[in-house]
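What follows is a single structure, written as structure tokens, with notes after it.
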Amino acid sequence: MQRRRLHQVLWVLALAFAVLVVMNLSTQGYLSAGFELVMTGALALALRWNARGRLTQALVLTIVALLLGLCALTAVGQGLYDEALVAFPGLLLFAGLFGLRRTFMALLGCMIVVVVALFFLHQGDLLHSMPKLPMDWKRPFVLSMIIGVTGLLAWLLVNDLGQAMRQLESEKRALLASHARIEVLAQRDSLTGLPNRTLAGERLAFLLQHARRNGGMVAVMFLDLDNFKTINDSLGHAAGDDLLCQVAAKLRACVRESDTVARVSGDEFLILLGELQDEDAIVAVVAKVTHLLGQPFALNGVDVLVTASLGIAVSPRDGEAPEVLLKNADLAMYQAKDAGRNTFCFFDPSMNESVTEHLHIAAGLRTALANDAFELHYQPQFDLRSGAIVGAEALLRWRHPELGYIPPGKFIPVAERSGLINEMGAWVLRRACLDAQAWRAAGLGELQVAVNVSPLQFRRNDIERDVTRALASSGLPAQALELELTESLLVADARNIGDVLQRLRAQGVQIAIDDFGTGYSNLGHLQRFAVHRLKIDQSFVRRICANPHDEGLVRAIIEMAHCLDLQTVAEGVEDPETLERLHAFGCESAQGFHWSPALPNPAFMAFVRSARSGPEAAPAG
């Protein structure tokens, strides 16, 4: 800015002196015109130096030329009565404007010396051009005071102006730094320093544009840490943040400088690979990532093992738009999680169809809940000693208005993922208790109803409330309700589940372990959780007549249950041979197609009435 300002000042001065030269030449003031012409040349030289970046030399030359020129004009003019002296304060202001402190003070001193010298020259009548006017010491004194005071005011003004300019410059730098910081925050993750989702999207768009021009593939990899929440909850958020930073550093070490690693959410990272010729390069990066993440991370003095699930989408095969590739990579990542985690999965078009179907089913489930469109079917359970029907298992059924009948194995997982399982579970409990109480009122006997319970109903601590409300609204005795739980639920949260089951048992509610033998079996849990019955999974029951191993397993489960004072229920009985074998092993109850499939409530009630008087009631063996 100083160079530009000096350039402007020099042009104004040069033009002014050029005008003075013309004026003096027209009035035959050749000596003054000569001095002014020399000053104009000096100013022109200063202009040239300033244009070449030699600011300091240009300033010094300008000040020296103006001072000497003004002194010369004063000396050949009217001395202390010459109008050239009026330019002295302006020259001081010029020096102060450019922050030349020493030059300013030296210039002020030189001006006072010039005034004193002119006074003595006037007194000695040494300059004949000066007017013959009387002059005493007061005039140089007053002129020196005027120059001094004007110089002081000019310096103060220039100093304040300079301070204001410095403050403005400081604020400008702070504002620019703030803008740069805001830009970093807008495009970078504040914890790891990695690009965020916005910047990653821009880079992905650039990679895709480059790939369209030059060929090659672009890979989008979504990476999610499998057990981050456990680490965060157990070791603390500071350790979780440290882990994310270490993971970010390792991921950066896995890719090229031209590739991008971004953090898009809590424990999700995005890796963008460009200029790929085949999928082998992608697999190589995945192998490197898996290897580095497989090494222990030191957190609070503890070595922690971390696994990750990766989903990969490749352009142009899986899409050419950034949003499409990101969505497909995300779908593939969740597919990797469903496949057991700690693995990677390439996107497949069927995943999109699965998601669309998932959304369609989820929307239908909400509508069905609102319209009470579900139905319970009941599969009768028989006492193998007496042959009497002792209860039934309630099984949820749903007929979608467009998709038709949808099996529970398809819509129950959707309900769990979409957060509807609690409402559905409460509806099943309420409906089952109402139907069971209706059986009693119809004179069908004190039949027990078994209801499957989702692990999510226990984890959200709603099960006790739902059971209490269902029993209260129906009037069904608590002993007539049996809750069926999976082994995996008992293992997942043993302490909380145990407390809940003890309270439910205290009310009289029966507890059964469903699909026993297919999960992680812990005999200690069976005693601790106050279980009443074990339901032997149908995959074993159906093969006991054909497979000695399954026969031995079923026999062992029944004998173990007897030792623990538990009853057993066999699922999937489909023929008399299996029934005879179970009866011989000492199994107390069974259900299956040998007697009846699951029936709608009216058909079930009719079946019970028929069974009480028909041959079906005969005991096994």
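The values are calculated or read from the model by the stated rules, or taken from the named source; none is laboratory data. Everything quoted here is computed from the prediction, not taken from an experiment. Using ideal geometry, Cβ is built from the backbone for each residue, glycine included, and neighbour counts are taken over all protein chains shown. The protein model used for the area step is the full one, side chains on, heavy atoms only, and it has no ligands, DNA or RNA in it. Shrake-Rupley method; radii C 1.70, N 1.55, O 1.52, S 1.80 Å.
Restricting LEU582, LEU526 to residues that are modelled with pLDDT under 90, outside any strand (DSSP E or B) and open to solvent by less than 20 Å² (accessible area, probe 1.4 Å) narrows the list to LEU526.
Checking the stretch 485-506 against the condition returns no match, with no residue being at positive phi, open to solvent by 40 Å² or more (accessible area, probe 1.4 Å) and not in a strand (DSSP E or B).
Being in contact (Cβ under 8 Å) with a residue 40 or more places away in the chain, outside any helix (DSSP H, G or I) and surrounded by fewer than 16 Cβ atoms within 10 Å (Cβ to Cβ) is a condition met by at least one residue of the stretch 46-57.
With respect to the conditions (1) over 28 Å from ARG581 (Cα atoms); (2) in contact with a Lys or Arg (Cβ under 9 Å, 6 or more places away or on another chain); (3) open to solvent by 20 Å² or more (accessible area, probe 1.4 Å), ILE406 falls short on a single one, namely (3).
Looking only at the stretch 157-184, residues that are of a type in the set (Val, Ile, Thr) and touching a residue at least 24 places away in the same chain (Cβ under 8 Å) come to 1 in all.
Being aliphatic (A, V, I, L, M), surrounded by 14 or more Cβ atoms within 10 Å (Cβ to Cβ) and modelled with pLDDT under 85 is the filter here; which residues of the stretch 333-357 pass it? Steps first, answer last, please.
Here is the first cut: in the stretch 333-357, the ones aliphatic (A, V, I, L, M) are 333, 336, 339, 351, 355.
Now drop any that are not surrounded by 14 or more Cβ atoms within 10 Å (Cβ to Cβ), which leaves 333, 336, 351, 355.
Scanning the stretch 333-357 gives MET351, VAL355.
Tell me, please, whether a residue that is among the β-branched types (Val, Ile, Thr), over 29 Å from LEU444 (Cα atoms) and assigned to a strand (DSSP E or B) can be found in the stretch 391-410. Yes, the stretch 391-410 has at least one match. Filtering GLU402, GLU393, GLU416, GLU375 for residues that are under 13 Å from VAL451 (Cα atoms) and among the charged types (D, E, K, R) leaves a single hit, GLU393.
When the stretch 285-303 is examined, which residues are found to be open to solvent by 20 Å² or more (accessible area, probe 1.4 Å) and touching a Phe, Trp or Tyr at 6+ places or on another chain (Cβ under 9 Å)? If you could, list the steps in order and put the result at the bottom.
Taking the stretch 285-303 first, the residues open to solvent by 20 Å² or more (accessible area, probe 1.4 Å) are 285, 287-288, 290-292, 294-296, 298, 300-303.
If the condition is that a residue be open to solvent by 20 Å² or more (accessible area, probe 1.4 Å) and touching a Phe, Trp or Tyr at 6+ places or on another chain (Cβ under 9 Å), then THR290, ASP303 are the ones that fit.
The lone criterion from (1) open to solvent by 30 Å² or more (accessible area, probe 1.4 Å); (2) within 28 Å of GLN335 (Cβ to Cβ); (3) at pLDDT 90 or above left unmet by THR198 is number (3).
For the stretch 559-572, which residues satisfy the criterion of being over 24 Å from ALA598 (Cβ atoms) and crowded, with 18+ Cβ neighbours inside 10 Å? Let's see the steps before the verdict.
At the first step, the residues of the stretch 559-572 found to be over 24 Å from ALA598 (Cβ atoms) are 559-566.
ALA561, LEU566 - these are the residues of the stretch 559-572 that are over 24 Å from ALA598 (Cβ atoms) and crowded, with 18+ Cβ neighbours inside 10 Å.
Within the stretch 236-247, identify whether any single residue is without any contact (Cβ under 8 Å) to a residue 12 or more places away in the chain, open to solvent by less than 50 Å² (accessible area, probe 1.4 Å) and either aliphatic (A, V, I, L, M) or more than 24 Å from ASP348 (Cα to Cα) (or both), and answer yes or no. No: zero hits.
Residues in the stretch 399-453 that are more than 38 Å from the chain's Cα centre (by Cα) and of a type in the set (Asp, Glu): ASP435, GLU446.
Does ASP224 satisfy the condition of being charged (D, E, K, R) and open to solvent by less than 50 Å² (accessible area, probe 1.4 Å)?
Yes; evaluated as a whole, the condition is true for this residue.
Within the stretch 132-178, the residues that satisfy the criterion of being open to solvent by 100 Å² or more (accessible area, probe 1.4 Å) and not aliphatic (A, V, I, L, M) are LYS132, PRO134, TRP137, LYS138, PHE141, GLN163, ARG166, GLN167, LYS172, ARG173. The helices (runs of 4 or more DSSP H) falling completely within the stretch 413-479 that include 1 or more residues that are free of Cβ contacts under 8 Å to residues at least 24 places away in the same chain, of a type in the set (A, V, I, L, M) and open to solvent by 40 Å² or more (accessible area, probe 1.4 Å) map to 421-441, 463-474. Return a yes/no flag: does the stretch 305-317 have any residue that is more than 20 Å from VAL220 (Cα to Cα), of a type in the set (A, V, I, L, M), over 24 Å from the mean Cα position of the chain (by Cα) and crowded, with 16+ Cβ neighbours inside 10 Å. Looking for residues that are more than 20 Å from VAL220 (Cα to Cα), of a type in the set (A, V, I, L, M), over 24 Å from the mean Cα position of the chain (by Cα) and crowded, with 16+ Cβ neighbours inside 10 Å, one finds none in the stretch 305-317, hence no.
May I ask you to list the residues in the stretch 205-221 that are open to solvent by 10 Å² or more (accessible area, probe 1.4 Å) and touching a residue at least 24 places away in the same chain (Cβ under 8 Å)? Of everything in the stretch 205-221, those that are open to solvent by 10 Å² or more (accessible area, probe 1.4 Å) and touching a residue at least 24 places away in the same chain (Cβ under 8 Å) turn out to be ALA205, LEU207, HIS210, ALA211, ARG212, ASN214, GLY216, MET217. For VAL283, the conditions (1) of a type in the set (Val, Ile, Thr); (2) under 24 Å from the mean Cα position of the chain (by Cα); (3) within 16 Å of PHE222 (Cα to Cα) all hold with the exception of (2). Would you confirm whether or not the stretch 150-170 contains a residue that is more than 60 Å from the chain's Cα centre (by Cα), within 22 Å of LEU73 (Cβ to Cβ) and modelled with pLDDT under 75? Yes, that holds for at least one residue.
When GLY552 is tested against (1) at pLDDT below 90; (2) in a helix (DSSP H, G or I); (3) not aliphatic (A, V, I, L, M), only condition (1) is not met.
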